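What follows is a single structure, written as structure tokens, with notes after it.
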């Protein structure tokens, strides 16, 4: 492996870690409500939930937005960054989902800014954004770190899957081996999602997931909860 490839891979691993101080591990993205309602209660139902959410929600909205934002940041296209950022914010249809993406986006952009790795041109575009959701922040960080768009997309999808599996391990609960088995079984699904994301037309982007939205709204009033969404 060349030094450039190794550096890019290490940067990707850093970006994809839910343990970074952006707070990803404190969110379940509706999964905690699905467990409370009994929809997810063991390894089999957890896998069904994750695959459905991956292909019907993440790969149809947040991941395609990331893909477009990666291109926009790479080209230093301020208008495109602003356009897709506004779409990302408008598409968060519950208070918890919106707060989640804004909080993590803020934390990541602040981290990258303090690390002093972004060019003045990228920083100037960042400063034009009123709020920075997570897809915008991830794309900004990936371009600043020199991570390829394809690797950044896979990293985002894996990070999402790892965090969701961790929620299942802690809260279903699943054992560590069951969690790793579940995560390993998602590999072909993540690869297929990444390919689909890159082929999606702008008009095909969709955040229509009423069941997940209802679970998110119920979570806002859930009596006992460990996660912020």
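Using Cβ counts within 10 Å as a stand-in for footprinting exposure, how do 168, 206 rank, fewest first? Write down the numbers at each step before the final one.
On the way: 168 25, 206 13.
Least to most surrounded, the residues fall as 206, 168.
Please give the FRET efficiency for residue 201 paired with residue 130, using the beta carbon to beta carbon distance and R0 = 22 Å, rounded to the nearest 0.05.
The computed FRET efficiency comes out at 0.20.
May I ask you to compute the full-extension gain from residue 116 to residue 191, defined as 0.36 nm times their residue separation minus their alpha-carbon distance, rounded to one decimal in nm? If you can, show how the numbers build up before the last one.
On the way: separation 75, 0.36 × 75 = 27.00 nm, distance 3.22 nm.
Here the segment from residue 116 to residue 191 would lengthen by 23.8 nm.
Indicate the gyration tensor shape class of the range 135-181 (rounded, prolate or oblate), computed on the Cα atoms with a ≥ b ≥ c the square roots of the eigenvalues: a/c under 1.5 is rounded; otherwise a/b larger than b/c is prolate and the rest oblate.
On the way: a/c = 4.53, a/b = 2.80, b/c = 1.62.
Taking the square roots of the gyration eigenvalues as a ≥ b ≥ c, the range 135-181 is prolate.
The simple spin-label model puts a point 7 Å past each Cα toward its Cβ; for residue 82 and residue 26 those points are separated by 3.1 nm.
Where the alpha-carbon atoms of the chain are placed on the principal axes, they occupy 49, 40, 34 Å, in descending order. Annotation for residue 220 and residue 208: the two label points, set 7 Å from Cα along the Cα-Cβ direction, are 2.3 nm apart. A simple spin-label model places pseudo-atoms 7 Å from Cα toward Cβ; at residue 176 and residue 228 they are separated by 2.8 nm. Angle of helix 187-199 to the longest C-alpha principal axis of the chain, folded into 0 to 90 degrees and rounded to 10: 50°.
Using only the Cα atoms of the range 154-229, build the gyration tensor, take square roots of its eigenvalues as a ≥ b ≥ c, and label the shape rounded, prolate or oblate: rounded if a/c is under 1.5, else prolate if a/b is larger than b/c, else oblate. Let's see the in-between values first.
Working: a/c = 3.03, a/b = 1.16, b/c = 2.60.
In terms of gyration-tensor shape, oblate.
Extent along the principal axes, Cα only, for the range 51-180: 46, 29, 24 Å, with the longest axis given first.
Within a 10 angstrom radius of the beta carbon, how do 33, 224 rank from fewest other beta carbons to most? Could the numbers behind the result be given before it?
On the way: 33 24, 224 6.
Listed from fewest to most nearby Cβ atoms, that is 224, 33.
Sequence gap at least 6, Cα distance under 8 Å: using those rules, report the relative contact order of the chain to the nearest whole percent. Value for the chain: 38 percent. Counting neighbouring Cβ atoms within 10 Å and putting the fewest first, the residues 169, 147, 58, 48 line up as 48, 169, 58, 147.
Every number here is computed from the coordinates shown, using simple stated rules; none is lab data. Note that this is a predicted model, so its numbers are computed, not measured. Cβ atoms come from the backbone with ideal geometry, glycine included; neighbour counts cover every protein chain shown.
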